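Nothing in this text is a laboratory measurement; each read-out follows from the coordinates by a stated rule. Small disclaimer: the values here were computed from a predicted structure and weren't measured. Glycine also receives a Cβ, built like all others from the backbone with ideal geometry; neighbour counts cover every protein chain displayed.
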Amino acid sequence: MNSDNDTTPPAPVLRDGYDLPVYGLDNGLFYSLHIVALTCIFLSLISAILTLILSFRKSPKRAFFDWTKSERFVVYMAICDGAFNVAHSLDHLQIAITKTHVYPGALCRFYGVMLLEFITAQTLMVNIVAVNAFILMIFNKQLEFGRQDWRLLLWIFGLPFLLSVIALATKQLGPNGSSCFFDGVNGQFLQFLFTTLPLSVILVVNTTLYVLTWAKLRSIEKKLKTSLGKQSSASKMRHAAVRAMSLFVLAFIFQWWALAMFGIWVSINPGSIPPAIHHTVTLFSNIGGILNLGVYLLIRKRLQGQQEHPSSELSHSTKTSGRKETSHTDL
């Protein structure tokens, strides 16, 4: 029974993310979150730019689509990292300076579109890389991406664009308390459907394919070592390609596991997210450019090793998608 003198005000009704408090202002964690985020983002952005510069300086005389698949993957990943970093640095920087949400609302929604587009593009692309490495290792075949990679590019950039349009049209993007992505009040279901669920599923799939691919690779190489058999040039190149593509998968798992965990936590208990979860996802999600620069440098080292020890045995060439490719060496 309520007392007539009970003057406790009712809980405020949250209309959208702008009614949420800015994360960290009430517990002293505001700058620790945004300074760490901005540091990681700017280092990642510098790494992405450096990756692009080194990639194009290394092959100035070759047309881009004559590069190996691994080299083209590096460029696509660097573009995703760079665009993600630019958008995410601007929203974190505005929040850090103003200590409030990003205004106007249209600007915050634009940042949300950029994050959804390029997070999803990376997710789809690395999944393709994992599947390609698996098929190459197990079935000695490769996925065909079409002339000038049009099938790949349509899939990894077209689908995220469609999802972004849907999220924007249904007003699901906005501030979440610490950045601009899905609205912290109205966008939770779509965040789970568009980001948490596919990211979690693809993380499991990629991890499974990674383990199976490496198990098969190690098994073959162990048998060759035991039998003292000579490995053919085509087999060496295929195995080197699998290792290169697997590096993308490993970097992806390392970068995005925290965001998947964060999304699952928000879906289960949105009202109580430990600071450690916030800071973990901030750290890992913003180092993609650094990780992929490392992948590029390792692939470059492998390719330099191949050039220093060229093989006389080349796998047969085939015409694919209207241009000449080497069936198992375009890697």
Would you give the gap between the C-alpha center of the range 255-280 and the C-alpha center of the range 153-214, rounded to a whole Å? 14 Å
So the pair-distance distribution of the range 7-161, from every Cα-Cα distance in 10 Å bins, comes to percents of 9, 28, 29, 18, 11, 4, 1, 0
Can you give the convex hull volume per residue for the Cα atoms of the range 34-304, as a whole number of Å³? 136 Å³
Just to check I understand the Karplus step: with θ = phi - 60° and J = 6.51 cos²θ - 1.76 cosθ + 1.60, what whole-Hz values come out for the range 271-285, glycine and proline as x? x, 9, 10, x, x, 4, 5, 4, 6, 5, 5, 5, 5, 6, 5
Which trypsin sites (Lys or Arg not before Pro) from the range 123-167 combine a DSSP loop assignment with at most 15 other Cβ atoms within 10 Å? LYS141
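Could you calculate the contour length gain from GLU221 to ARG300, that is, 0.36 nm times the residue separation minus the distance between their Cα atoms, to one decimal place in nm? Don't jump to the answer; show the numbers that get you there.
Details: separation 79, 0.36 × 79 = 28.44 nm, distance 2.26 nm.
Result: 26.2 nm gained on full extension.
Mind ranking 84-97, 266-279 by how tightly packed they are, going by the mean number of other C-beta atoms within 10 angstrom, highest first? Before the final figure, lay out each step's value.
On the way: 84-97: 20.0, 266-279: 12.4.
Packing proxy ranking, top to bottom: 84-97, 266-279.
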Under the Karplus relation 6.51 cos²θ - 1.76 cosθ + 1.60, θ = phi - 60°, what is the ordered set of whole-Hz ³J(HN,Hα) values for the range 244-256, x standing for Gly and Pro? 4, 5, 5, 5, 4, 5, 5, 4, 4, 4, 5, 6, 10
Step through the residues of the range 180-188 one at a time and calculate ³J(HN,Hα) from phi using the Karplus curve (6.51 cos²θ - 1.76 cosθ + 1.60, θ = phi - 60°), rounding each to whole Hz and writing x for Gly and Pro. 10, 7, 7, 3, x, 10, 8, x, 5
Can you give me the long-range amide H partners of CYS180? Hydrogens built in the peptide plane at 1.01 Å from N, cutoff under 5 Å, separation of 5 or more residues or another chain. none
Built amide H within the under 5 Å cut-off of LEU173, gap 5+: ASP183
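From the C-alpha gyration tensor of the range 128-213, pull out the three semi-axes of the equivalent ellipsoid (sqrt of 5λ each), sorted largest to smallest, in whole Å.
Details: eigenvalues 204, 59, 13 Å².
Working through the eigenvalues yields semi-axes of 32, 17, 8 Å.
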